[in-house]
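Novice: Please find one structure pasted underneath; my questions will follow.
The values are calculated or read from the model by the stated rules, or taken from the named source; none is laboratory data. Since the model is a prediction, treat every value here as computed from it, not as a measurement. In this analysis, Cβ positions are derived from the backbone assuming ideal geometry, glycine residues included, and neighbour counts consider all displayed protein chains. For accessibility, only protein heavy atoms count, side chains too; no ligands or nucleic acids. Shrake-Rupley method; radii C 1.70, N 1.55, O 1.52, S 1.80 Å.
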Amino acid sequence: MQRMPAKVNVLLVGGGGREHALAAAMKRSPRLGALYTTHPDNPGLAALCRPTDIPFDLKEMYRLEQFCGRAAIDLVVVGPEAPLAAGLADRLTSERTKVFGPTAEAARLESSKAWAKQLMRSASIPTAEARVFKDAESALTYVRTRDEALVVKASGLASGKGVYVCEGKQEAFDAVRAMFVERRFGDAGSEVVIEERLQGPEVSVFAIVDGRNMVILDACQDHKRLLEGDAGPNTGGMGAYCPTPLIDGPTMQAVWRQVLAPTVDALRREGFEYRGVLYAGLMLTPGGPKVLEFNVRFGDPECQCLVDRLPGDVVELLFAAASGRLEEVRLDDAPAAGSVCCIVLAAAGYPDAPQAGAVIEGVPEAEAMPGVRVYHAGTRRDGERRLVVAGGRVLNVVGSGATLEEARQRALAAADAIRFAGKQLRRDIGHQALSVKAGKRR
Ligand code: AMP
Ligand code: GLY
């Protein structure tokens, strides 16, 4: 197997805040050679990376393959799940080029909830009891027979929108019809998973995996609801922090033993060398941690918190995982100190109908504040080179500090320094953790 080059040329795939955070972390590594982005229209990425000389189009992967050859790319880092599910890792892996991210078949862990359930069942991994359906009639019949609260999920990729946590039978009937009859999620909803509704706090656990070995990162907590106090509609995530006191050392050990290690082993038994991030979305139930879902990539916005707390050099870690050689990486002995808090600044109208175009001011002032980083998620330069809103989640403001409260205050001060019309943010990121510390755990 090939050794790590002295300087690693990287192609970073993806164009949001997660990728900007990865690019910024890689730029700080002495092991980075050239860094290319598929999304130079993101001003944050444009400032750090060279653009590829081809348009990014998953229907024309051969162009990316040729680009990797031309630019002598050693490592492709894939941020989002869709390119992995479409087979980008299969296509770009070559003798020279290693890909951080699993093959399409292994990416079914995220792209097919039905397949993931089957794998979990075969490996006795704790998760909600579930049944899989391929037609409305049998799904509706099943709902009629169940008394417990149910969750109805489109099996395929639905940008985090294909999950209905149902309050009663009627909601479950409606969810089944939305998927099979209205086809609200297209083919992603032609297979439907119906499972028991679990209770408890949610945490995200991340491991960098090289096929056999893994490095476990800090557990994070995301905040999916738009409004403070976890109210309002679901979003792609309004903020995250880490580490989280909601999961203690023994529970992390249990997650490693009962979830992460058996998942990688089960994937190997199926014939997959899983290389990339294994992200387990967990619910900490009274009966122990249970898997809600797997993802095959870093969380967004969790990644924005994690990149500064990796236990080694980021380029070395990702290259070693992509080449199946994690055991050769030097890791820090001590865990990262302090806390990190990421606040998402969202556009007016987000999540239903985000409005583009508002002019953004104050980013340089925010970036100059101590312990603060700002990542671009949905921004663009307009014709006059002004920074404007161009997506639902606009900017990610990350504060670091000795404590979670300090990290949050720093992120908030920077978030307040950034101005645009209709800006939405949550000021309570980390509230569950802070109430645990205050002894108010519910
Ligand atoms: P998923 O995409 O499967 O993680 O689901 C999205 C969200 O729905 C999760 O973050 C949970 O808040 C909720 N959810 C999913 N499955 C369950 C479940 N079995 N019980 C309770 N809530 C769930
Ligand atoms: N933070 C949730 C996700 O990336 O899916």
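Novice: Do we have Thr263 as in contact (Cβ under 8 Å) with a residue 12 or more places away in the chain and within 13 Å of ligand 1 (Cβ to nearest atom) here?
Specialist: Against the criterion (in contact (Cβ under 8 Å) with a residue 12 or more places away in the chain and within 13 Å of ligand 1 (Cβ to nearest atom)), Thr263 does not qualify.
Novice: Criterion first (over 20 Å from the mean Cα position of the chain (by Cα), more than 22 Å from Gly160 (Cα to Cα) and open to solvent by less than 50 Å² (accessible area, probe 1.4 Å)) does Thr52 satisfy it?
Specialist: Against the criterion (over 20 Å from the mean Cα position of the chain (by Cα), more than 22 Å from Gly160 (Cα to Cα) and open to solvent by less than 50 Å² (accessible area, probe 1.4 Å)), Thr52 qualifies.
Novice: Going by the structure shown, is Ala322 within 30 Å of Asn9 (Cβ to Cβ) and surrounded by 22 or more Cβ atoms within 10 Å (Cβ to Cβ)?
Specialist: So Ala322 passes the test.
Novice: Could you tell me how many of the residues in the range 220-278 are small (Gly, Ala, Ser) and open to solvent by less than 20 Å² (accessible area, probe 1.4 Å)?
Specialist: Selection size over the range 220-278: 6.
Novice: Taking the residues in the range 124-169 that are polar (S, T, N, Q) and open to solvent by less than 80 Å² (accessible area, probe 1.4 Å) as candidates, determine which candidate is nearest to Leu284 (Cα to Cα).
Specialist: If we take residues in the range 124-169 being polar (S, T, N, Q) and open to solvent by less than 80 Å² (accessible area, probe 1.4 Å), then Thr127 is nearest to Leu284 (Cα to Cα).
Novice: Take the residues in the range 192-219 that are within 24 Å of Ala128 (Cβ to Cβ) and polar (S, T, N, Q); name whichever of them is surrounded by the fewest Cβ atoms within 10 Å (Cβ to Cβ).
Specialist: Per the criteria, the residue is Gln199.
Novice: Continuing with the same structure: Name the strands (runs of 3 or more DSSP E) wholly inside the range 116-222 in which the number of residues that are within 15 Å of ligand 1 (Cβ to nearest atom) and among the small types (Gly, Ala, Ser) is 1 or more.
Specialist: 130-133, 150-154, 202-210
Novice: Can you list residue pairs whose Cβ atoms sit under 7 Å apart, with the first residue in the range 125-137 being of a type in the set (Val, Ile, Thr) and the second being open to solvent by 60 Å² or more (accessible area, probe 1.4 Å)? Count only pairs 6 or more apart in sequence or on different chains.
Specialist: Every condition considered, the pairs that remain are Ile125/Gln258.
Novice: Surrounded by 18 or more Cβ atoms within 10 Å (Cβ to Cβ) and either out of contact with any strand residue (DSSP E or B) (no Cβ under 7 Å at 6 or more places or on another chain) or under 25 Å from Ala254 (Cβ atoms) (or both), is that true of Leu92?
Specialist: Against the criterion (surrounded by 18 or more Cβ atoms within 10 Å (Cβ to Cβ) and either out of contact with any strand residue (DSSP E or B) (no Cβ under 7 Å at 6 or more places or on another chain) or under 25 Å from Ala254 (Cβ atoms) (or both)), Leu92 does not qualify.
Novice: While we're looking at this one, here's another question. Which one is nearest to Val203 (Cα to Cα), of the residues in the range 426-442 that are buried (at least 21 other Cβ atoms within 10 Å of the Cβ) and modelled with pLDDT of 95 or more?
Specialist: Within the range 426-442, the match that is nearest to Val203 (Cα to Cα) is Gly430.
Novice: Can you work out which of the residues in the range 1-15 that are over 22 Å from the mean Cα position of the chain (by Cα) and of a type outside the set (D, E, K, R) is least open to solvent (accessible area, probe 1.4 Å)?
Specialist: The extreme case among them is Val8.
Novice: Quick check on my filter: what residues within the range 16-49 are in contact (Cβ under 8 Å) with a residue 24 or more places away in the chain, in contact with a Leu (Cβ under 6 Å, 6 or more places away or on another chain) and open to solvent by 20 Å² or more (accessible area, probe 1.4 Å)?
Specialist: Selection gives Tyr36, His39.
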